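Contents: one structure, followed by commentary.
The values are calculated or read from the model by the stated rules, or taken from the named source; none is laboratory data. Here the structure is a predicted model, which means the values were calculated and not measured. Please note: Cβ atoms are built from the backbone with ideal geometry, for glycine as well, and neighbour counts cover all protein chains shown. Side chains included, ligands, DNA and RNA excluded: accessible areas come from the protein's heavy atoms. Shrake-Rupley method; radii C 1.70, N 1.55, O 1.52, S 1.80 Å.
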Amino acid sequence: QVQLVESGGGLVQAGGSLRLSCAASGRAFSINAMAWFRQGPGKQRELVAAITSGGSTNSADSVRGRFTISRDNAKNTVYLQMNSLKPEDTAVYYCNANVRRTSVSAPMNYWGQGTQVTVSS
């Protein structure tokens, strides 16, 4: 089984910064794309940013220029550096990884348990 463990959430004032981390553990032949999603109060889960195994990234318009996604393939870890945080960034942030467990298995998506980010005005 593959597990994703997030850390780094918390309470911060508007304009502040936080760095989220997500480490993948367990049996994995390869980890393809990794991503961060978020779900705010009363909202649907949305993609925040994603990164391929080769380092190509994309991000939502709402966070572009403020959030940066990166990954350390040797550590099977993805990061989300969040700067200039706004109250509307308040949400539970979820890590997602597309993992192939063996050389012949189909890739599957795995989710972390989520970490709360709260931005006060």
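So here's what we get for this one:
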{"quantity": "Kirkwood Rh and Cα Rg combined as Rg/Rh, the chain", "calculated": "0.98"}
{"quantity": "Whole-number percent relative contact order across region 6-50, with pairs defined as alpha carbons under 8 Å at least 6 apart", "calculated": "26"}
{"quantity": "Carbon + sulfur, % of accessible area of region 1-98 - ligands and nucleic acids excluded, 1.4 Å", "calculated": "47"}
{"quantity": "Once the Cα gyration tensor of region 1-71 is diagonalised, semi-axes √(5λ) in Å", "calculated": "23, 15, 13"}
{"quantity": "Alpha-carbon centroid distance for the pair region 1-38 / region 55-80, whole angstrom", "calculated": "10"}
{"quantity": "Total formal charge among the other residues, if their Cβ is under 13 angstrom from that of GLY114, Lys/Arg +1 and Asp/Glu -1", "calculated": "+1"}
{"quantity": "Chain lengthening between VAL2 and THR52 when straightened (0.36 nm per residue, less Cα-Cα)", "calculated": "16.2 nm"}
{"quantity": "1.4 Å probe accessible area per residue over region 1-114, in Å²", "calculated": "53"}
